[in-house]
Amino acid sequence: MLRKAIAASRPSSETGVSYRTAAVCEDGHCLGAMFRADSRPDKFCKHCGKRVFTRCPHCNAQIRGAPYSAVSAPGYHPPNYCPECGQPFPWTSHELERAKKAIDQHAAEHGIPEDEAATLKSFADDIVSGAASEVQISGARALLKKFGPAGAVIWNGLTDIAAKTMAAMMKPY
C-alpha cells in the first residue's frame, strides 16, 4: 500500500522517468532537488526571504527535481519553464522583467524609439525560451547595437537565461 502511494506521488515524464520535487524561490535559489512529493520544505528562502515554490503557480504541477534514480543532485539547475503548461516559472519571469526594464532604461538613455524597444522586448521572450527564429535573433542583435556597450550586457543576460533553458531541456534523464 505504501509503495502504491509513493509511486502515485511521483511525477513522471513521457519517457517514463520519475522525478523528485524541487524547492525553488522566486529568485531561483534552489533549496533542494530531492524532496518527496509530500515533503514540506521551508516556505521562504533562507538566502533572500522570497517565497519558495514546489509547484508551478500556473498549473500546480510539481517542479521537476532530480530523478528518483539519482543518489544526489549536485549539478541540478531549476527549469525555467514548466514542462506541463509551458509557462515561465517565477524566477524566469523575474529575469525577463529585469531585462525588459534594462531595455526600456537604455532605450530612453540612447534615444531609441519606443517601437524599436517594444520589438526588442517581444523578441526577448522567444530568445529566452529558445523559440526565436534567425530573423528575430538578427533583429535583436541589430537593435542592441544601438544601445552601445549596454546592448552586449542585455544580450548576455538574455542568452544566459536561454542557455539554462536549453541545458535543462537536453538533460539525459
Over the range 34-56, the set of residues surrounded by 14 or more Cβ atoms within 10 Å (Cβ to Cβ), in a loop (DSSP other than H, G, I, E, B) and either touching a His at 6+ places or on another chain (Cβ under 8 Å) or modelled with pLDDT of 90 or more (or both) is 45, 50, 54, 56
For the range 133-158, pairs from a residue that is farther than 22 Å from residue 94 by Cβ and in the same structural domain as residue 122 (by TED's automatic domain parsing) to a residue that is in a loop (DSSP other than H, G, I, E, B) and at pLDDT 85 or above, with Cβ under 8 Å and 6 or more apart or across chains, are 143/112; 146/110; 146/112; 148/110
Can you name every residue in the range 14-33 that is among the aromatic types (Phe, Trp, Tyr) and assigned to a loop (DSSP other than H, G, I, E, B)? none
Could you grab me the full set of residues in the range 87-106 that are hydrophobic (A, V, I, L, M, F, W, C) and in a helix (DSSP H, G or I)? 91, 96, 99, 102, 103
For the range 1-33, the count of residues that are of a type in the set (A, V, I, L, M), modelled with pLDDT under 85 and surrounded by 10 or more Cβ atoms within 10 Å (Cβ to Cβ) equals 4
Applying the selection to the range 57-67, what residues are over 16 Å from residue 92 (Cβ atoms) and assigned to a loop (DSSP other than H, G, I, E, B)? 60
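Condition check ((1) surrounded by 15 or more Cβ atoms within 10 Å (Cβ to Cβ); (2) among the hydroxyl-bearing types (Ser, Thr, Tyr)) across all residues:
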position: 62; (1), (2): yes, no
position: 68; (1), (2): yes, yes
position: 71; (1), (2): no, no
position: 74; (1), (2): no, no
position: 80; (1), (2): yes, no
position: 89; (1), (2): yes, no
position: 102; (1), (2): yes, no
position: 136; (1), (2): yes, no
position: 146; (1), (2): yes, no
Return only the number of the condition from (1) surrounded by 15 or more Cβ atoms within 10 Å (Cβ to Cβ); (2) at pLDDT 90 or above that residue 115 does not satisfy. (1)
Check whether at least one residue in the range 64-79 is in contact (Cβ under 8 Å) with a residue 12 or more places away in the chain and touching a Pro at 6+ places or on another chain (Cβ under 7 Å), and report yes or no. yes
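The values are calculated or read from the model by the stated rules, or taken from the named source; none is laboratory data. Everything numeric in this text was worked out from a predicted model, so none of it was measured. Cβ coordinates were reconstructed from backbone atoms using ideal geometry, including for glycine residues, and neighbour counts include every protein chain displayed.
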